[in-house]
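Below is one structure, written out as structure tokens, with a few remarks after it.
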Amino acid sequence: MAHKNKQRKDSFSNLYFTTTISIALALLAMSFTVYLLLLTHKVTEDTRESLAVSVVLKDSIPEVKQQRLEKYLNDAPFIKQALYVSKEQALAEHVAALGDDPTELLLYNPIQASYEIYLHGDYISPDSVKWIAAKIMDFEGVSDVVFEQEMLQSVTQNLRRLSLLLMVVSIVLLIISIVLINNTIRISVYSKRFIINTMKLVGAKSWFIRGPFVRRYLLNGLLAAILALAFLAGILYYLQGELNESINLFQMELIVPVAVVTVALALLITFFASLFGVNKYLRMKTDDLYYI
């Protein structure tokens, strides 16, 4: 008898272990996709914010007018950073980039001073940049506002398509994860349907029967989430080694939301899956348990 009890206990332990691993793998696929979605959004913002808008100044701009313009550029809520590029600095960059010095032919520096401004991500769109350019052009002493409109449109469209694709994949994987975890828990509860029925026959209340199952699967869900995050960290560690320092994959603004979402979903799915699974067998008659 003791031997049979030990076999049954080992069987239940193996079942819980298998359930935890199955849930962890489903959560890993989902959490990795969510991470990629957040990473893509972060790279999108960084790429868009790295595109500079050049505010070209007239050579005749009075110092007072330039100070007023500079104050506006530094205080504007849509501008992340404004860098002044003097005529000398612009000439040096031109020579370094193209290899020719226009002053040798013209005997003067034809390149105008400018401000290189970088916008916040929310304002980086063709319409927003046009609106900002129009406001800056109202300042006296501004010769032109230059930005790569075609590049901006191309970057915006491509990154938007990539984000949309990853969002669709995330939703699909979320649905698949919910179905897999739900089925895994239901199969596990199915193996204990006679225990549930026996407890019901001896007069145990429904909440008393549900309690141990729900708590057990919540614990399984939490352990599975921790395992999934550990697997994800291992994958990111490997990828970080391959990418070297070209991009930092371990950014807290990416890791923390993924961890929170993974744990929250694990607990929610396991709670409702175990609750509905136990309720199903609580409502069934004893004879019906033999025919399912």
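The values are calculated or read from the model by the stated rules, or taken from the named source; none is laboratory data. Note that the coordinates shown come from a computational prediction; the quantities given were computed from them, not determined experimentally. So basically every Cβ, Gly included, is an ideal-geometry build from the backbone, and we count neighbours across all protein chains shown. When the accessible area is computed, the model is the full protein with side chains, heavy atoms only, and any ligands, DNA or RNA have been set aside. Shrake-Rupley method; radii C 1.70, N 1.55, O 1.52, S 1.80 Å.
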Using 7 Å Cα-to-Cβ label points, what is the Ser128/Gln112 separation (nm, one decimal)? 2.6
If R₀ is 30 angstrom, what is the calculated FRET efficiency for the pair Gln240 and Glu49, using the beta carbon separation as r and rounding to 0.05? 0.85
DSSP-assigned coil residues among trypsin sites (Lys or Arg not before Pro) in the stretch 165-253, each with at most 12 further Cβ atoms within 10 Å: Lys205
Rounded to the nearest whole Å², what accessible area per residue is found for the stretch 62-152 with the 1.4 Å probe? 63
Under the span-like rule (Cα at least 27 Å along the axis, Kyte-Doolittle mean at least 1.0), DSSP H helices of the chain: 149-190, 206-243, 252-282
Note down the nm distance, to one decimal, between modelled labels 7 Å out along Cα→Cβ at Gln157 and at Leu222. 5.1
In the set (1) 122; (2) 139; (3) 180, which value of volume of the Cα convex hull per residue in Å³ was calculated from the structure you see? (3)
For Val95 and Lys280 in one chain, what is 0.36 nm times their gap in residues minus the Cα-Cα distance, to one decimal in nm? 58.9 nm
The stretch 203-292: chymotrypsin sites (Phe, Trp or Tyr not before Pro) in DSSP coil with no more than 14 other Cβ atoms inside 10 Å: Phe250
Just to confirm the filter: which GluC sites (Glu not before Pro) across the stretch 102-177 are DSSP coil and have at most 14 other Cβ within 10 angstrom of their Cβ? Glu140, Glu148
Under the definition of Cα pairs under 8 Å and six or more residues apart, what whole-number percent is the relative contact order of the chain? 29
Can you give the charge dipole size of the chain about its Cα centre, rounded to the nearest 20 debye, using +1 on the beta carbon of Lys and Arg and -1 on the beta carbon of Asp and Glu? 3800
